[in-house]
Every structure is written in C-alpha cells, then in structure tokens.
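Visitor: For reference, the structure I am asking about is given below.
The values are calculated or read from the model by the stated rules, or taken from the named source; none is laboratory data. Predicted, not measured: the structure shown is a model, and the values here were computed from it. All Cβ positions, glycine included, derive from the backbone under ideal geometry; neighbour counts span all protein chains shown. In case anyone asks, the SASA skips ligands and DNA or RNA and just uses the protein heavy atoms, side chains included. Shrake-Rupley method; radii C 1.70, N 1.55, O 1.52, S 1.80 Å.
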Amino acid sequence: MKTYDVVIIGAGPGGLTAALYASRANLSVMILDRGIYGGQMNNTAAIENYPGFKSILGPDLSERMYKSSIQFGADFGYGAVQSVEDKGNVKIIHTDDGDYEAKALIIATGSQYKKIGVPGEEELSGRGVSYCAVCDGAFFKDQDVAVVGGGDSAVEEGIYLTQLAKSVTIIHRRDQLRAQKILQDRAFKNKKIKFVWNADVKEITSDDDKVSGVKYVDKETGEEHIVPAKGAFIYVGIQPMTEPFKGLGVLDEDGWINTDEEMHTNIPGIFAVGDVRKKDLRQVATAVGEGGIAGQQAYSYIQDLADSKVTTK
Ligand code: NAP
C-alpha cells in the first residue's frame, strides 16, 4: 500500500492544478491517471479562452500544466482506479496496479463523449466513426465528413475539420445551434461548412466496412436522406466518468458529483473538481480554478485532521 497525504484521480486541468496547490503546501501528492496527462485538452486543437494565451494547442497547454503541477514534488503515475473506500480519516484507492492510502482524495476524472446509439455507430468506430477530430481528422484529408451535434464541441471541432476535409456537414436535431455565438458566427461564415437542420439521425451507413454516410429523417417532412461522408464525428454531449465511485455515495442520479463552493463532496476529505462536477460551465479555466480551491481545501482538511478536529468514523 502506497501512502500519500492526497491522491488525485485524473490529470486534466482540474487535477493538475489541485496537485500544484496541494504539493506547494508541502503535502505529499500522487496524481493517478489511466492515460497521459492533459485530459480533454489533448483532444482539443486550439484553446483560445484560457487567459495568458491568444491561442494555444491543447497538447501544448497540457504539457505546460503538467510541468507546472509536478514542480513542487507531486508524483504522477499510471493507475486505472477500480473503486474507493471511505474509512473515515483514511481513503483507500484500489487501482488495477495496486492500492493507495490517502488522507484526502480529489476526484478529477472528467467526462467522456456520449454515443448516439444508432446502428453502425459502434460497428464502425475506428472505421470512420470518431469522437476526436484532433486525433482522427487527418485520415479524412480532402474528403467529405459529417459532424453530428449542435453544441460547442460539434461546432468547434467542425470548424477544425475544415482545415483538413473537403467539406463538413453539421447535422443537428433542431433548427438552432446550442454552441456559443462566436463559434456559430465562425461556422456560418465558413464556406466549407454545410448544415442539415431538424435531422433525426437513424444510422451510420457503410460501404466495404467503412463509413459511407449518415442516414437521417427530416423531422419536418418525414423524408429519409443520407449525407455522404467518409468520416462521422459524433458530438452529442458528455457523460461523467464516475463508474469507480458508484459505491461511495457521492454521485447524483445521472452520475455527476455535487460539491459545495469549496469543492467538498458530501464525504469529509473527498473533493471533486472539473467536468465531473454537476455544473453549467465546463471549461479549462473553470477546472483550473476549482483545482486550486480543492488543493487548498485538502490542505486545510489535513491540518484539521492533525489537530484532531475531525472525528474518526
Ligand atoms: P452539449 O453542450 O451537451 O451539446 C450536445 C449537442 O448534441 C446539443 O446540440 C444537442 O442537441 C445534441 N444532442 C444531444 N443528444 C443528441 C442525440 N441523441 N442525437 C443528436 N443530437 C443530440 O455537449 P458538448 O458540445 O460536447 O459540450 C459539453 C460541454 O463542454 C459544454 O458545457 C460546453 O460548453 C463545453 N465545451 C466548451 C468549449 C469551448 O468553450 N470552446 C468547447 C467544447 C465544449 P440540443 O441542442 O437539441 O440539445
């Protein structure tokens, strides 16, 4: 069993900032992630709403944040967390690579893209169906691609794809986008982007085991159509990555984590930050702020434990 003051699960902007604050307060800190540090930032081409940078590539910001987060001695290690046990003043974190014991736990596991759940989506995943334009966009150079969704992700990634693809058709289920106005304006001005409105996506079609198009029913006319496309990028929302915490009692009915303004969950010594929290604005900037608060709160909590102000279960 490896012992730390604070274990942070998830190395996105929230987790990395929590590590910076907690380790700078002289706590021993382990950041666990089942992949590379950076979280969703790694799947983002340009980030232009993080202060200090007019625009920065997601992987570059990840690298900078990681280096900053470990400068005061925080450890970073691989670990796919299976479950967590709350034993009062001690939290046990079970991973596929051993167990950790911590006085405080910060959950920063973020969210993942939802699936639409139509025929062809799963079968053609990796054969033209993708949830990451930055990772897979280059496979569709000078080809026609479709994007399903109407939020920030669909529009932002659709705009990114125009740098590579011949055309990008954004297929949305309503006649108005949900995305921020600035992104909408850019998309409407972009000559490579076409829109299909009021579309109920029914299937991702294939030819020779590869994506050939997106079949939809026009909700107004009831007619069925196919948008020919070699790539289908799905951005229909996000869901929390909270499976390992199901037994803890910190999740709401949809799997998100409620916290107070200081990132405390309903369990003393367990905090949550970033996209995994139940909240409206999911941004790098908000995750960073929450990470700072949680790192500082973990320090205060551990100080209180040392002063025996927190009772043992
Ligand atoms: P989102 O905001 O939840 O948008 C999901 C979109 O998919 C909506 O337009 C929704 O339609 C549509 N949709 C949902 N279920 C569908 C289905 N079954 N079939 C077809 N369409 C469906 O998700 P997101 O765009 O991934 O964004 C997630 C969060 O990250 C948001 O808080 C967003 O602001 C943030 N984000 C921010 C940035 C940025 O600031 N640059 C970039 C990316 C993401 P309706 O509109 O009809 O509901």
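Residue by residue, here is whether (1) within 16 Å of the ligand (Cβ to nearest atom); (2) at negative phi; (3) open to solvent by 40 Å² or more (accessible area, probe 1.4 Å) holds:
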{"position": "Ser28", "(1), (2), (3)": "no, yes, yes"}
{"position": "Gln40", "(1), (2), (3)": "yes, yes, yes"}
{"position": "Asn43", "(1), (2), (3)": "yes, yes, yes"}
{"position": "Asn49", "(1), (2), (3)": "yes, yes, yes"}
{"position": "Ile56", "(1), (2), (3)": "yes, yes, no"}
{"position": "Glu63", "(1), (2), (3)": "no, yes, yes"}
{"position": "Ser69", "(1), (2), (3)": "no, yes, no"}
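Visitor: From the set of residues in the stretch 151-207 that are free of Cβ contacts under 8 Å to residues at least 12 places away in the same chain and among the basic types (Lys, Arg), which is nearest to the ligand (Cβ to nearest atom)?
Guide: Per the criteria, the residue is Lys181.
Visitor: Sticking with this one: Looking at (1) in contact (Cβ under 8 Å) with a residue 60 or more places away in the chain; (2) among the basic types (Lys, Arg); (3) open to solvent by 40 Å² or more (accessible area, probe 1.4 Å); (4) in contact with a strand residue (DSSP E or B) (Cβ under 8 Å, 6 or more places away or on another chain), which one does Arg34 not meet, given that it meets all the others?
Guide: (1)
Visitor: For the structure I just gave you, tell me whether Arg173 is more than 22 Å from the chain's Cα centre (by Cα), open to solvent by 60 Å² or more (accessible area, probe 1.4 Å) and closer than 18 Å to Ala45 by Cα. Lay out the reasoning, then the answer.
Guide: Working: more than 22 Å from the chain's Cα centre (by Cα): yes; open to solvent by 60 Å² or more (accessible area, probe 1.4 Å): yes; closer than 18 Å to Ala45 by Cα: no.
It is false that Arg173 is more than 22 Å from the chain's Cα centre (by Cα), open to solvent by 60 Å² or more (accessible area, probe 1.4 Å) and closer than 18 Å to Ala45 by Cα.
Visitor: Within the stretch 231-277, take every residue that is within 30 Å of Ala138 (Cα to Cα) and either among the hydroxyl-bearing types (Ser, Thr, Tyr) or surrounded by fewer than 19 Cβ atoms within 10 Å (Cβ to Cβ) (or both) and give me the one that is farthest from the ligand (Cβ to nearest atom). Walk me through it before giving the result.
Guide: Going through the stretch 231-277, the residues within 30 Å of Ala138 (Cα to Cα) turn out to be 231-241, 274-276.
Imposing the further condition that a residue be either among the hydroxyl-bearing types (Ser, Thr, Tyr) or surrounded by fewer than 19 Cβ atoms within 10 Å (Cβ to Cβ) (or both) reduces the set to 235, 237-239.
Numbers: Tyr235: 5, Gly237: 4, Ile238: 5, Gln239: 10 Å.
Filtering the stretch 231-277 for residues that are within 30 Å of Ala138 (Cα to Cα) and either among the hydroxyl-bearing types (Ser, Thr, Tyr) or surrounded by fewer than 19 Cβ atoms within 10 Å (Cβ to Cβ) (or both), the one farthest from the ligand (Cβ to nearest atom) comes out as Gln239.
Visitor: Looking at the stretch 132-150 only, could you name the residues that are outside any strand (DSSP E or B), over 15 Å from the mean Cα position of the chain (by Cα) and within 12 Å of the ligand (Cβ to nearest atom)?
Guide: Looking only at the stretch 132-150, we keep the residues that are outside any strand (DSSP E or B), and these are 132-143, 149-150.
Imposing the further condition that a residue be over 15 Å from the mean Cα position of the chain (by Cα) reduces the set to 136-143, 149-150.
Across the stretch 132-150, the qualifying residues are Gly149, Gly150.
Visitor: Something else: Within the stretch 9-48, how many residues turn out to be farther than 12 Å from Ile70 by Cα and under 16 Å from the mean Cα position of the chain (by Cα)?
Guide: Result for the stretch 9-48: 20.
Visitor: Within the stretch 112-131, work out how many residues are under 16 Å from Gln40 (Cα atoms) and more than 11 Å from the ligand (Cβ to nearest atom). Reasoning before the result, please.
Guide: Looking only at the stretch 112-131, we keep the residues that are under 16 Å from Gln40 (Cα atoms), and these are 112-114, 130-131.
If we keep only those that are more than 11 Å from the ligand (Cβ to nearest atom) too, we end up with 130.
Final tally of qualifying residues: 1.
Visitor: When you look at Val84, is it buried (at least 20 other Cβ atoms within 10 Å of the Cβ), touching a His at 6+ places or on another chain (Cβ under 8 Å) and in contact (Cβ under 8 Å) with a residue 40 or more places away in the chain, yes or no?
Guide: Numbers: buried (at least 20 other Cβ atoms within 10 Å of the Cβ): yes; touching a His at 6+ places or on another chain (Cβ under 8 Å): yes; in contact (Cβ under 8 Å) with a residue 40 or more places away in the chain: yes.
Answer is yes for this residue.
Visitor: Please go through the stretch 178-226 and pick out each residue that is in a loop (DSSP other than H, G, I, E, B) and either over 17 Å from Ala154 (Cβ atoms) or among the hydroxyl-bearing types (Ser, Thr, Tyr) (or both).
Guide: Taking the stretch 178-226 first, the residues in a loop (DSSP other than H, G, I, E, B) are 178-180, 190-192, 197-198, 208-209, 219-223.
Within the stretch 178-226, Lys191, Asp208, Asp209, Lys219, Glu220, Thr221, Gly222, Glu223 qualify.
Visitor: Hey, does the stretch 78-85 have a residue that's modelled with pLDDT under 95 and not aromatic (Phe, Trp, Tyr)?
Guide: The answer is yes, given that some residue of the stretch 78-85 is modelled with pLDDT under 95 and not aromatic (Phe, Trp, Tyr).
Visitor: Follow-up. Hand me the list of strands (runs of 3 or more DSSP E) wholly inside the stretch 231-313 holding 1 or more residues that are in contact (Cβ under 8 Å) with a residue 12 or more places away in the chain and more than 28 Å from Arg24 (Cα to Cα).
Guide: Numbers: elements: 231-234, 238-240, 270-272.
So the answer is 231-234, 238-240.
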